[in-house]
Amino acid sequence: MGNTDSRVTIHMVASLDGFIARKDGRVDWMETNDDFPAGETMDPEFIKAFLKTIDCYVMGSRTYETALNFEAKGFGWSYGNKPTFVLTSRELPRKRDTVEFYSGDLAQFVNGRLRPTFRTIWFVGGGMVSAECLRLGLADEVRYSILPILIGDGIPFFEKLDRDIALHLAEVKAYKSGMVELRYEVRGRRDESRNAS
Ligand SMILES: NC(=O)c1ccc[n+]([C@@H]2O[C@H](COP(=O)([O-])OP(=O)(O)OC[C@H]3O[C@@H](n4cnc5c(N)ncnc54)[C@H](OP(=O)(O)O)[C@@H]3O)[C@@H](O)[C@H]2O)c1
């Protein structure tokens, strides 16, 4: 299975009712305005240092298209100079050298190509790809950031998951902004014995 130290993380931000975007893809609801005085403050230096620990990103084509739209509107590219793998069966614009497209067997790609090369592999959405990653038993952990809002309908964090996935709650952080960050280990992965008490 290649690099035994490698770790696959799924990370997304969602509403409390579990949606990562509205049905039409809008994420306007992410600008929440809350105040939780007991929470932690987001430290930009910490975030910068943390992002450096991520070795590569993986995303679905719809998430990539959203990222391109954001960039076109002047909001920048969120994935720095890190290798970014986009899952797609289509011909999509390639605007930077760090982007690579892949189509096919996701398990083979992650275990045969990514794990031997990268230690910290981040799946950054969307719902379809995060569910595929879990269904295939590829994820080691899920980082779920909940914003203080309900939006009623939208694209779910895990699109059409067809079985139960047992998790171990490993970390909880609440922020002054009202966001709660949950980190779960996926049970049954090789790390479990290390983390279970
Ligand atoms: N809140 C957040 O943190 C967050 C994070 C990420 C995304 N989002 C939002 O989520 C929405 C997108 O999510 P989504 O679930 O609709 O789509 P998605 O997961 O981003 O992309 C799904 C697409 O990826 C391609 N794909 C998936 N597996 C593949 C494989 N093994 N091989 C080849 N291609 C594969 C297919 O596209 P093709 O048709 O191209 O083959 C599929 O339609 C966007 O609105 C985005 O803004 C939110």
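For Ile151, are the conditions met, namely being away from the ligand (no atom under 16 Å from the Cβ) and assigned to a loop (DSSP other than H, G, I, E, B)?
For Ile151, the condition - away from the ligand (no atom under 16 Å from the Cβ) and assigned to a loop (DSSP other than H, G, I, E, B) - is not met.
Sort out which residues of the range 91-142 are part of a strand (DSSP E or B), more than 17 Å from the chain's Cα centre (by Cα) and either more than 9 Å from the ligand (Cβ to nearest atom) or β-branched (Val, Ile, Thr) (or both), and write them in order of number.
Within the range 91-142, Glu100 is the sole residue that qualifies.
Could you give me the residue pairs with C-beta distances under 9 Å whose first residue belongs to the range 66-91 and is in contact (Cβ under 8 Å) with a residue 40 or more places away in the chain and under 19 Å from Val27 (Cβ atoms), whose second residue is assigned to a loop (DSSP other than H, G, I, E, B) and of a type in the set (Gly, Ala, Ser) wherever it lies, and which are 6+ apart or on separate chains?
As it stands, the answer is Thr66/Gly25; Thr66/Gly125; Thr66/Gly126, since those pairs meet every condition given.
Just a yes or no: is a residue in the range 96-117 of a type in the set (Lys, Arg) and over 30 Å from Lys173 (Cβ atoms)?
yes
Restricting attention to the range 41-65, and to residues there that are free of Cβ contacts under 8 Å to residues at least 24 places away in the same chain and of a type in the set (Lys, Arg), which single residue is farthest from Thr98 (Cα to Cα)?
It comes out as Lys48.
A short reminder: the numbers here are calculations on the coordinates, not readings from a lab. The model shown is predicted, which means the values in this text are computed figures rather than measured ones. Positions of Cβ are backbone-derived with ideal geometry, glycine not excepted, and every protein chain shown enters the neighbour counts.
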